[in-house]
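Here is the structure we will look at.
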Amino acid sequence: MKLLVVEDEVKLLESIIHYFKQEKIICEGVSRYSDAIEKISQFNYDCIIVDITLPDGNGFDIVREVRKKKKNTGIIIISARDSAADKITGLDIGSDDYLAKPFHLSELNARIKALMRRIHFDGTNIIEMNEIRVDLNKQEARVNDTILVLTQKEYQLLLFLLSNKDRVITKNSIAEHLWRDEYSYGSYDFIYTHMKNLRKKLLSAGCKDYIKTVYGIGYKFDTK
């Protein structure tokens with residue numbers, strides 16, 4: 001999962017980024033409207049957390065811009081403005097949730113996870129695809145009765161494949177989604193290595209070979 005936080009309170013921004021990095025989630029942060037617009041025009045995010053009041057713009061306009069691009073991105077507004085009118089406006093223009101400040105970071109995390117379940121996995125904590133079963137709460141993956149011993153990146157890669165099953169995923173989109181901070185343009189060797197290791201672990205546990213290489217493009221988790 002990859003998050004973008006748009007928040008001009010530096011301490012809160014740093015706290016949110018630190019919290020989610022501790023959760024092994026890719027999290028980027030900006031404090032200005034212009035920087036946020038640049039980010040969402042260049043990269044895809046699973047969820048954007050955005051404050052309404054920014055030094056050079058309005059968070060509502062960021063919501064409108066994301067929805068105009070028709071991206072399948074979750075949006076949660078965080079704001080000290082707790083009026084019903086602001087909440088209604090935020091939801092009407094396309095945000096998925098509205099969290100009033102102050103809030104606990106664990107609550108923000110819970111809302112993001114719930115939103116991701118609704119968007120990608122029909123609201124369930126358990127993802128089942130043939131012989132594969134993933135428990136999102138436990139962050140545990142099984143093939144039939146065998147628990148897979150996965151690294152954090154392998155687990156995230158499996159989730160990304162499952163959420164995009166039967167679609168071709170480019171190597172670039174995989175790199176941006178899972179390795180944003182470490183990604184060096186022009187080299188995809190690290191993707192090949194992680195994909196090979198994940199495939200090996202799935203096959204060793206008795207799983208069918210769903211991971212197909214689409215030469216020159218990327219990969220497809222083919223369940224058909």
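The values are calculated or read from the model by the stated rules, or taken from the named source; none is laboratory data. Model, not experiment: these values are computed from the prediction. Positions of Cβ are generated from backbone atoms using ideal geometry, with glycine treated the same way; all protein chains shown enter the neighbour counts.
There is at least one residue in the range 91-104 that is assigned to a helix (DSSP H, G or I) and charged (D, E, K, R).
Table: residues versus (1) part of a helix (DSSP H, G or I); (2) assigned by TED's automatic domain parsing to the domain that holds ILE77.
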site: ARG111; (1), (2): yes, yes
site: LEU115; (1), (2): yes, yes
site: ARG133; (1), (2): no, no
site: LYS138; (1), (2): no, no
site: ARG142; (1), (2): no, no
site: LEU150; (1), (2): no, no
site: LYS153; (1), (2): yes, no
site: LEU157; (1), (2): yes, no
site: PHE160; (1), (2): yes, no
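Restricting attention to the range 186-224, the residues that are assigned to a helix (DSSP H, G or I) and more than 20 Å from MET129 (Cβ to Cβ) total 6.
Within the range 85-107, the set of residues being of a type in the set (A, V, I, L, M, F, W, C) and either without any contact (Cβ under 8 Å) to a residue 60 or more places away in the chain or farther than 18 Å from GLU7 by Cβ (or both) comprises ALA85, ILE88, LEU91, ILE93, LEU99, ALA100, PHE103. Considering the range 42-67, and only residues there that are modelled with pLDDT under 90 and over 22 Å from PHE103 (Cβ atoms), the residue that is surrounded by the fewest Cβ atoms within 10 Å (Cβ to Cβ) turns out to be GLN42. Does LYS21 fit the bill of being surrounded by fewer than 18 Cβ atoms within 10 Å (Cβ to Cβ), on the phi > 0 side of the Ramachandran plot and free of Cβ contacts under 8 Å to residues at least 12 places away in the same chain? So LYS21 fails the test.
Condition (residue is over 23 Å from VAL66 (Cβ atoms), out of contact with any Lys or Arg (no Cβ under 7 Å at 6 or more places or on another chain) and free of Cβ contacts under 8 Å to residues at least 24 places away in the same chain) applied to the range 108-117: is it met by at least one residue? No: zero hits.
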